[in-house]
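Here the structure comes first, spelled out in structure tokens, and everything after it is commentary.
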Amino acid sequence: MALSSRTTSRAPRPTIEFTVLETTWLNPHLVRVRLGGPGFVQFQDRPETDKYVKLKFTTPEPESHPVTRTYTVRHVDRAAQAIDVDFVIHGDEGLAGPWAATVEPGATISLMGPGGGYSPDPDADWHLFAGDMSAVPAIAAALEALPVHAVGAAIIEVDTEADILDLDHPTGVDVVWISNPDHAVSALADAVRTIDWREGRVHVFAHGEREAMKELRRVFFDEHALERGQVSLSGYWARGRTEDRFQAEKREPIGQILPPA
């Protein structure tokens, strides 16, 4: 799941070469690639649940050039000296997805990172997660990091019921999957509107398709008057846009999820 909007003010970390150890299909549209090898010892883990790396690819010939794609680290397995990265697959679209769908063990890939920006606030009264398949790795990692007494809700949008996964989560956090095969832009926001809005201070993590995040922006800030510090809101991708166009539009009004702070 591409996390294309991520930025960090920290100095770039060195490039690390990893070896593909195995791949596992989690559902029809999500494949997990386990990366390890000698490069793992250079990987400096971070505490955030949305920690991400920049994977380095080369575009196909004849105009090949290096590009990076940003992905969440789903899990760091210190015992196995490996990291897991989950990729959303939509046929032959994109660069990273087709690579993950076809890569064989023994292949190598270079990456930079990790960076990170979000962890569940331990002082929040309740937690709210919202996103599509691209946000599942970060949401799943956050759910696993919550204390057992945590309460809240996770609303996750998928194309079909076949994409639903069994995620570990505290019993007090309701995990709701919504199927949106027609890709209605308001589906996720409408689903969030149906949940019971609890008393107390909420901490929100909402990431996914850009226009859907704009719909959620209205829910969080216009309808519930949340403060910016309560909400991690970001567009990971934009429907109908190539990755390069999506990146370029981040400098334009259409690409802005939130106004500058």
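The values are calculated or read from the model by the stated rules, or taken from the named source; none is laboratory data. Since the model is a prediction, treat every value here as computed from it, not as a measurement. For neighbour counting, all protein chains shown are included, and Cβ atoms are generated from backbone atoms with ideal geometry for every residue, glycine included.
The figures follow:
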| read-out | value |
| --- | --- |
| Those residues of the stretch 71-96 which are among the small types (Gly, Ala, Ser), more than 14 Å from Val20 (Cα to Cα) and modelled with pLDDT of 95 or more, in sequence order | Ala79 |
| Per-region count, the stretch 168-190, residues within 17 Å of Asp222 (Cβ to Cβ) and within 20 Å of the chain's Cα centre (by Cα) | 4 |
| Candidate set: the stretch 184-222, residues that are small (Gly, Ala, Ser) and within 23 Å of Val173 (Cβ to Cβ); chosen: the one surrounded by the fewest Cβ atoms within 10 Å (Cβ to Cβ) | Gly200 |
| The stretch 179-206, residues that are under 25 Å from Ala225 (Cα atoms) and outside any loop (DSSP other than H, G, I, E, B) | Ala187, Leu188, Ala189, Asp190, Ala191, Val192, Arg193, Val202, His203, Val204, Phe205, Ala206 |
| Pairs where the first residue, in the stretch 191-213, is polar (S, T, N, Q) and the second is surrounded by fewer than 23 Cβ atoms within 10 Å (Cβ to Cβ), C-beta under 9 Å, 6+ apart | Thr194/Val176 |
| So Thr19, is it without any contact (Cβ under 8 Å) to a residue 60 or more places away in the chain, touching a strand residue (DSSP E or B) at 6+ places or on another chain (Cβ under 9 Å) and part of a strand (DSSP E or B) | no |
